[in-house]
Amino acid sequence: MAASQNALASEQQAVQWHYVCETSDLVTNSGVCALVDSQQVAIFCLKIKGELQVFAISNYDPIGKANVLYRGLLGSIGGAPVVASPLYKEHYFLESGLCKEHDDVSVTAYPVKVEGDKVFIGNEGSGV
């Protein structure tokens, strides 16, 4: 196994997966909120190029200082999916959690996996 494969295998082993819902509980092209180990997580199900993709970020908006991101408007910037906070309209990239308007601001982006109809959120040992 190559060094990069070893690192990937190690990274996958470190993720602790938490079952959060069924895919039928998600709303396509919208967000829902789930409580995962006392953390609010915004979960988004987007149809991108005909395929459903699921993303998860912290629900807490660090600019607006409120748990509201699941209510944000979805879109894309440069082909990357984003959510615009419903409060001050900052854009957070769903894949990384980075804020488009503020280089020093981000939210946690969680790994997601879908197995059959079950949606799991990973914590990578970060306390989720």
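Some notes on this structure:
- First in segment 71-95 and without any contact (Cβ under 8 Å) to a residue 60 or more places away in the chain, second anywhere and open to solvent by 50 Å² or more (accessible area, probe 1.4 Å) and of a type in the set (Gly, Ala, Ser), Cβ under 7 Å, 6 or more apart: 82/76
- Of all residues making up segment 53-80, the number that are of a type in the set (A, V, I, L, M, F, W, C), more than 23 Å from residue 113 (Cβ to Cβ) and not in a strand (DSSP E or B): 2
- Comparison of 119, 107, 68, 114 shows that the only residue that is of a type in the set (Val, Ile, Thr), farther than 26 Å from residue 51 by Cβ, in contact with a Ser or Thr (Cβ under 9 Å, 6 or more places away or on another chain) and at pLDDT 95 or above is 68.
- When segment 16-60 is limited to residues that are open to solvent by 80 Å² or more (accessible area, probe 1.4 Å) and among the small types (Gly, Ala, Ser), the one that is modelled with the highest pLDDT turns out to be 24.
- Some residue of segment 24-39 being in a loop (DSSP other than H, G, I, E, B) and hydrophobic (A, V, I, L, M, F, W, C): yes
- Remark: pairs (first residue in segment 24-48, over 12 Å from residue 69 (Cβ atoms); second residue of a type in the set (Lys, Arg) and surrounded by fewer than 12 Cβ atoms within 10 Å (Cβ to Cβ); Cβ separation under 8 Å; 6+ apart in sequence or on different chains) = 28/47; 29/47.
The values are calculated or read from the model by the stated rules, or taken from the named source; none is laboratory data. Bear in mind that the values here come from a model prediction, so they are computed numbers and not experimental data. Don't worry about glycine lacking a Cβ; one is built from the backbone with ideal geometry, like all the others, and counts go over all protein chains shown. Remember, those area values only see protein heavy atoms, side chains included, never the ligands or the DNA or RNA. Shrake-Rupley method; radii C 1.70, N 1.55, O 1.52, S 1.80 Å.
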